[in-house]
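One structure is given here, and the rest of the page talks about it.
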Amino acid sequence: MAFLFKNGEQLYTEGLDMIGRRDFSGAKKKFTDATQKGYTNDGLAQVYIGILDVGANRSSLGCYKTLRNALGDLKINSFKFGLTDIDVADLIAETELDIKEIEANNLPDSLYKEKSAALIACAGEFMARIGEKNLKFDEIFKGTTAATGNREALILQAEGYYVLGEGSVSEDPKMASEYMQMSYNFRRQLGDSGDQELKLAQDYARSARCWICGRPANGEGIHFQPMRSTIAPVFAKETEGDIVKPISEDVRSIYVCVPCYTAISNRSDDISRVYYERAMAEVHAIEARLEAEIASVRFSASMHR
Ligand SMILES: [Zn+2]
């Protein structure tokens, strides 16, 4: 009868076996049961629970913070998670940096200066504290040792400069274009195409003169827009010597600064709304007339039965 009731240490050992078989939810239950029976193997059971929770919630600040505390209570320098050797100090560093990364990403885009600074600072710490070593959570949960501290730093820098570029474009498109270019360079180092970053860098850098008011503007799609237009050669010719063009290269659109553009669109929206309401009123009048006629036809038909 006695061996039907497992003691904490047996449950703990079963938890380790389940990690070996990658049955992570089963393992978590065993470690939890073991600690409830008073067996924690000097705090290592809580660390296993913490790692398993992080694996199941990779973006949860709370899970990383709980794990960080559990790691701080350990008296040993290393342990194994399945086949993976874990250095306690390295995992503390990774956990702390993941906390910083999540906190930086949680900042709203409206605080773009703070957000990009936090992301880029985090990148520096990944390089300094983890560097060429691989990230353990990716090894454990994704089976890859390709993700290193340095690689994570490149990702964070690409993100940081992207946020900075996107945020500053309304004030300074030239500078924003340079930030996007930097983000693109980090994407390329990661082996990504960086297509989106490159396109934004080019759009932000493009300048034009407003055909309507003559103001210069930087940042296509941000501070000026192309508007389809019929441009006779005589007009196109006039712009030939201009460094900053008021028409598109294919001579099918004029460039219009966003203040002029929005004024025109708002006005045309107002005009369309008047026409729309007038048209709808007529539709309703026709509808009412038809209904009345149908009713009278039905009435005379019923009289003839
Ligand atoms: Zn204008």
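The values are calculated or read from the model by the stated rules, or taken from the named source; none is laboratory data. Just so it is clear, the structure is predicted and the values come from calculations on it, not from any experiment. Cβ: placed from backbone, ideal geometry, glycine included. Neighbour counts: every protein chain shown. Heads up: the accessible areas ignore ligands, DNA and RNA and are worked out on the full protein's heavy atoms, side chains in. Shrake-Rupley method; radii C 1.70, N 1.55, O 1.52, S 1.80 Å.
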Flagged in the range 233-264 as among the small types (Gly, Ala, Ser), modelled with pLDDT of 95 or more and either within 13 Å of the ligand (Cβ to nearest atom) or over 37 Å from the mean Cα position of the chain (by Cα) (or both), in numbering order, are ALA263
Name every residue in the range 265-284 that is within 16 Å of the ligand (Cβ to nearest atom) and open to solvent by 70 Å² or more (accessible area, probe 1.4 Å), in order of residue number. ASN266, ARG267
I'm trying to understand the selection: among the residues of the range 136-171, which are on the phi < 0 side of the Ramachandran plot, free of Cβ contacts under 8 Å to residues at least 24 places away in the same chain and out of contact with any helix residue (DSSP H, G or I) (no Cβ under 7 Å at 6 or more places or on another chain)? ASP138, LYS142, ALA146, THR148, GLU171
Search the range 184-212 for residues being away from the ligand (no atom under 15 Å from the Cβ) and outside any helix (DSSP H, G or I), and hand back the single one that is modelled with the lowest pLDDT. ARG206
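Condition check ((1) surrounded by fewer than 22 Cβ atoms within 10 Å (Cβ to Cβ); (2) under 19 Å from the mean Cα position of the chain (by Cα)) across all residues:
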{"position": "MET182", "(1), (2)": "yes, yes"}
{"position": "GLN189", "(1), (2)": "yes, no"}
{"position": "GLU197", "(1), (2)": "no, yes"}
{"position": "LEU200", "(1), (2)": "no, yes"}
Looking at (1) modelled with pLDDT of 95 or more; (2) more than 30 Å from SER253 (Cβ to Cβ), which is the one condition that is false for TYR162? (2)
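Each row is one residue, and each column tells you yes or no for (1) open to solvent by less than 70 Å² (accessible area, probe 1.4 Å); (2) touching a His at 6+ places or on another chain (Cβ under 6 Å); (3) farther than 30 Å from ALA147 by Cα.
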position	(1), (2), (3)
SER193	yes, no, no
ASN218	yes, no, yes
GLY221	yes, no, yes
GLN225	yes, no, yes
ILE231	yes, no, yes
VAL234	no, no, yes
LYS237	no, no, yes
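Conditions (1) within 30 Å of GLN181 (Cα to Cα); (2) not in a loop (DSSP other than H, G, I, E, B), marked per residue:
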position	(1), (2)
GLY214	yes, no
PRO226	yes, yes
TYR255	yes, yes
ASN266	no, yes
ASP270	no, yes
ALA281	no, yes
ARG298	no, yes
